[in-house]
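Written below as structure tokens is the structure these notes are about.
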Amino acid sequence: MKTTKIYEGTHQWIMFGRDEGKPSNIIDTNQYVVRTANRCLLLDPGGAELFAPMMAAVLHHAPVDQITDLFASHQDPDVISSLGLWDQALTNARLHAPAIWEGFLRHYSCESIEYVPIPDNGGTIKLESVELQIIPAHYLHSSGNFHVYDPQAKILMSGDVGAAFEAPDSPVFVDNFAVHVEKMRHWHQRMMPSNQAKRVWIERVRNLDIDILAPQHGRMFRGDDVKRFLDWFDALQVGIAV
Amino acid sequence: MTNQTKSQFIAVASITSELSAVMVVAKEISLAAANAKAIAFRAGDKAKGFQPITDFINELAKETIELVTNINIYALVLYRLTVNEFQKTTAYNKFELAAKMAESDGAVYANTMQGPVDHARLSMQDCQRQFKRDVSQLLGQLEAVMHHARAARVIAANSRIEASQAGEYLQSLQAVAESVDKAAHTIHDNVQRCRIALSIYRNS
């Protein structure tokens, strides 16, 4: 599992991905960790297949008992089908996830972890002195969907928005936006169902000060590529399968 | 999923399937008892010896239905336990793998995985013990059903003797005896299959 520290300040952001041991027939995912002095938040911790390498990678940064929070942007298995395993490994943790998916996500087993339902208008996750904003991203692509914004680190974890699929050894940041666009186009057109939802999200996100846009698949965007992505996505017609 | 786990799931599922067939047959016995009672009533003195037998048959059918209903509830508990054991075993294997990976990569906090590994192992072993205990109890309940099936066969034999003295009602009452005997055979065979499927887990 490749590990990249993407922010270092009063707290840290670490990106995990490009797992070499991953079965070839499952989708590649990025996991993110926000690490404060005594706590650790896992953002979209991944599928059950990924649990062991992900846990092993996290243990470089935090002991098990300091993994106190999980966040699931939505209900898909590549996002959170590992929940049943985290549930057994962590004795004192909370899962922040969309309220509308609670009854669904509990199918993965969630007995010891406390389910903290996120209402439709979002909220915050407090991790010691760090306060993260939960940004609504409904219908992008899931009908109950959230992203996480860190105003201090200026990072937006954007779930499936900005996702792309490429070789396991590809770099973690976009280095040529024009080339990268073609790796994203079909995904966004096919998976994102609503132009209206997309417009509302872009308006909301344009008001945030973002240095890094961090999707759940593919490469992250930084600097000017963040604005390039928002402009490109703004102009894109989505929901093409109907 | 290991072959052992697969077999365990199949064994537990097959109990429910076999027992639903037993339930149908037990209801048939109950119906046969009602039928026999009506015939014996019409036959009057000619079927005097048959009349108390019909009550036995009915009672036996009722008890069998009750037993099977309880066993089905128990089988559901056993199924949930199997699912639980599967989840605990999966967790234990994944935790152990994570611990090994973290250790071989030199992760600073690799040793903190030991707690979850130990806990998962204990939970898994608890489930295995509980499963064996429950299987033993279920086998005991299945034995009770077998006992009922054997009693039904004795009753069927007695019914044949009584039927032979019932004059023109001989054929009808023999048919009742036949159906009870056949039903008892079916119950015996189905329950026996359940016992064979489960017995390997009692001492495994």
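The values are calculated or read from the model by the stated rules, or taken from the named source; none is laboratory data. Note that this is a predicted model, so its numbers are computed, not measured. Here Cβ is always computed from backbone atoms with ideal geometry, including for glycine, and neighbour counts include all displayed protein chains. Just so you know, the surface numbers come from the protein's heavy atoms only, side chains and all, with ligands and any DNA or RNA stripped out. Shrake-Rupley method; radii C 1.70, N 1.55, O 1.52, S 1.80 Å.
Once both labels are modelled 7 Å past Cα along the beta-carbon direction, what's the A:Val116-A:Gln133 spacing in nm?
Computed distance between label sites A:Val116 and A:Gln133 equals 1.8 nm.
Mean residue ellipticity at 222 nm from the helices of chain B, using -39,500 (n - 2.57) per DSSP H segment of n ≥ 4 over the full residue count, to the nearest 500 deg cm²/dmol?
-32500 deg cm²/dmol
Return the sequence-ordered ³J(HN,Hα) values of region A:55-64 in whole Hz as given by the Karplus equation 6.51 cos²θ - 1.76 cosθ + 1.60 applied to θ = phi - 60°, using x for Gly and Pro.
4, 4, 5, 5, 5, 6, 10, 8, x, 3
Give the separation of the Cα centroids, region B:148-204 to region A:1-68, in Å.
So the separation of the two Cα centres works out to 63 Å.
Grab the Cα-Cα distance for B:Gln4 and B:Lys48, subtract it from 0.36 nm times how many residues apart they are, and report the gain in nm with one decimal.
10.3 nm
State the percentage of accessible surface on region B:3-202 attributable to carbon and sulfur atoms; use a 1.4 Å probe and exclude ligands, DNA and RNA.
Reported share for carbon and sulfur atoms: 55 percent.
What dipole magnitude, in Debye to the nearest 20, does the protein assembly as shown give about its Cα centre under +1 on Lys/Arg Cβ and -1 on Asp/Glu Cβ?
1000 debye
Shape call for chain A from the C-alpha gyration tensor, a ≥ b ≥ c root eigenvalues: rounded (a/c under 1.5), prolate (a/b greater than b/c) or oblate?
rounded
As an exercise, use a Förster radius of 45 Å and the Cβ-Cβ distance of A:Lys227 and B:Val83 to find the FRET efficiency, rounded to the nearest 0.05.
0.35
Once you charge only the Cβ atoms, +1 for Lys and Arg and -1 for Asp and Glu, what is the size of the charge dipole of chain B about its Cα centre, to the nearest 20 debye?
Computed charge dipole of chain B: roughly 100 debye.
Just name one of B:Pro52, B:Gln125, B:Thr112: the one whose Cα is farthest towards the positive end of the charge dipole of region B:3-202 (beta-carbon charges, Lys/Arg +1, Asp/Glu -1).
Checking the options against the dipole of region B:3-202, the answer is B:Gln125.
Compute the signed sum of charges (Lys and Arg +1, Asp and Glu -1) over the other residues within less than 15 Å, Cβ to Cβ, of A:Thr91.
Cβ neighbours under 15 Å give a net charge of -4.
Rounded to the nearest 500 deg cm²/dmol, what is the calculated helix-only ellipticity per residue at 222 nm for chain A, with -39500 (n - 2.57) per DSSP H run of length n ≥ 4?
-7000 deg cm²/dmol
Need one value: the accessible area of A:Glu182 in square angstrom, 1.4 angstrom probe, rounded to the nearest 10.
Around 120 Å² of this residue is reachable by solvent.
Extending each Cα 7 Å along its Cβ direction at A:Thr4 and A:Glu20, get the distance between those two points in nm, one decimal.
Computed distance between label sites A:Thr4 and A:Glu20 equals 1.7 nm.
Can you give the net charge of the other residues whose Cβ lies under 11 Å from the Cβ of B:Val22, counting K and R as +1 and D and E as -1?
-1
Quick check for chain A: number of Lys pairs with alpha-carbon distance under 23 Å, counting only pairs 8 or more apart or on different chains?
Lysine pair count for chain A: 14.
Taking springs between alpha-carbon atoms closer than 10 angstrom, which of A:Asn30, A:Asn145, A:Asn92 fluctuates most in the Gaussian network model of chain A?
Between A:Asn30, A:Asn145, A:Asn92, it is A:Asn92 that shows the largest mean-square fluctuation.
If each residue of separation counts as 0.36 nm, what is the full-extension length gain between B:Glu66 and B:Asp118 once their alpha-carbon separation is subtracted?
Gain in length upon complete extension: 14.5 nm.
How shielded is A:79-88 by partner chains, expressed as the average number of their Cβ atoms within 10 Å of its Cβ atoms?
3
Most mobile of B:Ala36, B:Ala102, B:Ala75 per a Gaussian network model of chain B (Cα springs, under 10 Å)?
The residue with the greatest mean-square fluctuation here is B:Ala102.
Checking the a/c ratio against 1.5 first, then a/b against b/c, what shape does the Cα gyration tensor give for region B:3-202?
Prolate, because a/c is 1.5 or more and a/b exceeds b/c.
Using R₀ = 56 Å, calculate the FRET efficiency as 1/(1 + (r/R₀)^6) where r is the Cβ-Cβ separation of B:Glu168 and B:Ser20; round to 0.05.
Efficiency, from the Cβ-Cβ distance: 0.90.
Give a residue-ordered list of calculated ³J(HN,Hα) values for region A:111-128 (Karplus: 6.51 cos²θ - 1.76 cosθ + 1.60, θ = phi - 60°; whole Hz; x for Gly, Pro).
With coefficients 6.51, -1.76 and 1.60, one gets 9, 8, 6, 7, 7, 9, x, 8, x, 4, 8, x, x, 9, 10, 9, 10, 6 Hz.
Could you tell me which of rounded, prolate or oblate describes region A:84-211, using a ≥ b ≥ c as the square roots of the eigenvalues of the alpha-carbon gyration tensor, with rounded for a/c under 1.5 and, failing that, prolate when a/b is larger than b/c and oblate otherwise?
Since a/c reaches 1.5 and a/b is larger than b/c, the shape of region A:84-211 is classed as prolate.
Between B:Ala13 and B:His147, take the C-beta separation as r, use R0 = 30 Å, and let me know the FRET efficiency to the nearest 0.05.
Given R0 = 30 Å and the Cβ-Cβ separation, E is 0.75.
Based on DSSP, what percent of beta bridges with both residues in the protein assembly as shown are antiparallel, to the nearest 5?
Approximately 65 percent, going by the DSSP bridge assignments.
With each label point set 7 Å from Cα along the Cα-Cβ vector, what nm distance links B:Gln125 and B:Asn111?
2.2 nm
With solvent modelled as a 1.4 Å probe, how much accessible area in total do chains B and A shield from it at their shared surface, in Å² to the nearest 100?
Roughly 1500 Å².
Between A:Trp13, A:Trp201, A:Trp232, find the one with the highest GNM mean-square fluctuation for chain A; connect C-alpha pairs within less than 10 Å.
A:Trp232
Roughly how many Å² is the accessible area per residue of chain B, as a whole number, for a 1.4 Å probe?
53 Å²
Could you work out, residue by residue across A:45-55, how many beta carbons of other chains sit within 10 Å of that residue's beta carbon, and then give the average as an integer?
3
Across the residues of B:85-91, average count of Cβ atoms on other protein chains within 10 Å?
For peptide B:85-91, the averaged partner shielding equals 3.
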